[in-house]
Amino acid sequence: MNNFNLIDKFFNDTLSDKEATLFNKLLQEDSEFKEEFRFQKDLKKALQLNKRESLKATLQGFEKDLKKKKSVFTIKTWLAAATVIILLGIGSLIYNSFGNDDPKNLYAEYFEPYRNIVHPVERGENDGSIETKAFQAYENGDFYKAINLFNSVESLEEDDNYIDFYKGISYLALNKNKEAIEILLPIATEIEKGDYDLSQKANWYLALAYLNANEIEKAKSQLYMISHDNAFTFKKEEASDILEKLN
Amino acid sequence: MGNQNSNTTLELIKKGDQKTLKAIYEENRKRFLNFAKKQGLIAEDAKDVYQDSFIAFIENISTGKIQSLHSSVSTYLFGIGKKLIQYQKRSNYRLKTSSAVKINEIKEELDVNFLEENVTKEQRLLQKGLKKLGAKCIEVLEMFFLEGYILDEIVEILHYKNKKVLGSQKSRCISQLKEIIRHL
């Protein structure tokens, strides 16, 4: 019976060499000892399984909450989008009456840095990583700093291109069109699927970059694709608005 | 400063703080799923792998394998995730035994194991039995078997009078469990 404390020591990983020898001997010769050890080993696994199941349930709960959040977000976004479209409509009526549809002005009118959805930076929360700092700078509109920091982010995966996406927009915000185009073009031409579609967003920003660079034909063909191709859902209305103004 | 912050995060994770877990889960989810999909996983599998990576990360914290965070949480999650995706591609996703796996991103070994495989009838029964056992017993058993505390440490943390009292409490819990199972 007293030998059972050897089982405790086994689980704590504190058996001495001598005790380990005794432990093995008992396992072979003492059926009660063996039975108890097996029971406790099973007990450990059962505890682990239960804990994992409850953690899994917690995570499923997070998924449910996300779905709820998403559907509320969608309704809100739609309402907001509808408002913006109406306002833009009124705005463009006024704007058009002045007949000022210079591509650069159109760029300025429509450009807005894509919100940081990849790496939300919560107020007061900072894990100190370069990536967090980069996105903080981006959110604060400090695009020079953001670019520098984005450049030092160690990408976890070569084709992890969301960092490039935000870097491209940062260049665009600084009117560095050549750099912006260079970065956004490969992302825009990469055909991706799923809800996390950077590529179509990159297409929109690429169009704006061409506008800003006064490369009208390229801008037009980008905008045509965005407004006419069914695969595109992002900034469709805006794209056809700009096209109309350009023509 | 950053280090201190990440170690507070570690403490909160260890305590099972729901807000912290949720924040980490949501912060890394999209990027992880995107990454997994790019590796050729379908959406449903990607989510599974993400949750499994998340669980493996938490387990390594509670067993004390991860004692302080040397990199950001996402580095750990992606490091574990990459391994799991590799295993899945080798079609032997559910590893049969617990195994220490070298995670390149953090240059450390972590335990990445899946226990669902080969669960015996006795173990299933014990799982059920544990759900009927009192919270105090579960606390002691988890600290001892899962979190790797020795009895002396548990005496201190849970304010037991001495090791003997705790020892007999633990034995009582185990006997109780045996009794419950007998009646299941």
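Results, tabulated for the structure shown:
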quantity: Any hit, region B:18-28, residues being of a type outside the set (A, V, I, L, M) and more than 10 Å from every other protein chain (Cβ to nearest Cβ); calculated: yes
quantity: Options A:Glu190, A:Glu179, A:Glu154, A:Glu238: the member that is over 23 Å from B:Lys30 (Cα atoms) and surrounded by fewer than 19 Cβ atoms within 10 Å (Cβ to Cβ); calculated: A:Glu179
quantity: Residues satisfying the stated conditions in region B:7-29, i.e. surrounded by 18 or more Cβ atoms within 10 Å (Cβ to Cβ) and either touching a strand residue (DSSP E or B) at 6+ places or on another chain (Cβ under 6 Å) or not hydrophobic (A, V, I, L, M, F, W, C) (or both); calculated: B:Thr9, B:Thr20, B:Tyr25, B:Glu27, B:Asn28, B:Arg29
quantity: Selection count, region B:30-61, where residues are without any contact (Cβ under 8 Å) to a residue 12 or more places away in the chain, more than 7 Å from every other protein chain (Cβ to nearest Cβ) and either crowded, with 20+ Cβ neighbours inside 10 Å or within 17 Å of A:Lys56 (Cα to Cα) (or both); calculated: 2
quantity: Breaking point among (1) within 13 Å of another protein chain (Cβ to nearest Cβ); (2) surrounded by 11 or more Cβ atoms within 10 Å (Cβ to Cβ); (3) within 25 Å of the chain's Cα centre (by Cα), for A:Ala81; calculated: (1)
quantity: All positions within region B:128-184 that are among the polar types (S, T, N, Q) and farther than 19 Å from A:Glu36 by Cβ; calculated: B:Asn162
quantity: A:Thr21 vs. criteria part of a helix (DSSP H, G or I), under 22 Å from B:Arg124 (Cβ atoms) and either at pLDDT 95 or above or among the β-branched types (Val, Ile, Thr) (or both); calculated: no
quantity: Meets criteria (within 11 Å of another protein chain (Cβ to nearest Cβ) and at pLDDT 85 or above) for B:Glu105; calculated: no
quantity: Answer residue from region B:110-164, given it is at the interface with chain A (Cβ under 10 Å from one of its Cβ atoms) and β-branched (Val, Ile, Thr) and is surrounded by the fewest Cβ atoms within 10 Å (Cβ to Cβ) among those; calculated: B:Thr120
quantity: Among residues of region A:34-57, those that are buried (at least 18 other Cβ atoms within 10 Å of the Cβ) and either small (Gly, Ala, Ser) or more than 19 Å from B:Leu126 (Cα to Cα) (or both), counted; calculated: 1
quantity: Residues of region A:193-221 classified as under 22 Å from A:Lys178 (Cα atoms) and either touching a residue at least 24 places away in the same chain (Cβ under 8 Å) or outside the structural domain of A:Lys178 (by TED's automatic domain parsing) (or both), total; calculated: 19
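The values are calculated or read from the model by the stated rules, or taken from the named source; none is laboratory data. Remember, predicted model here, so these are calculated numbers, not experimental data. Don't worry about glycine lacking a Cβ; one is built from the backbone with ideal geometry, like all the others, and counts go over all protein chains shown.
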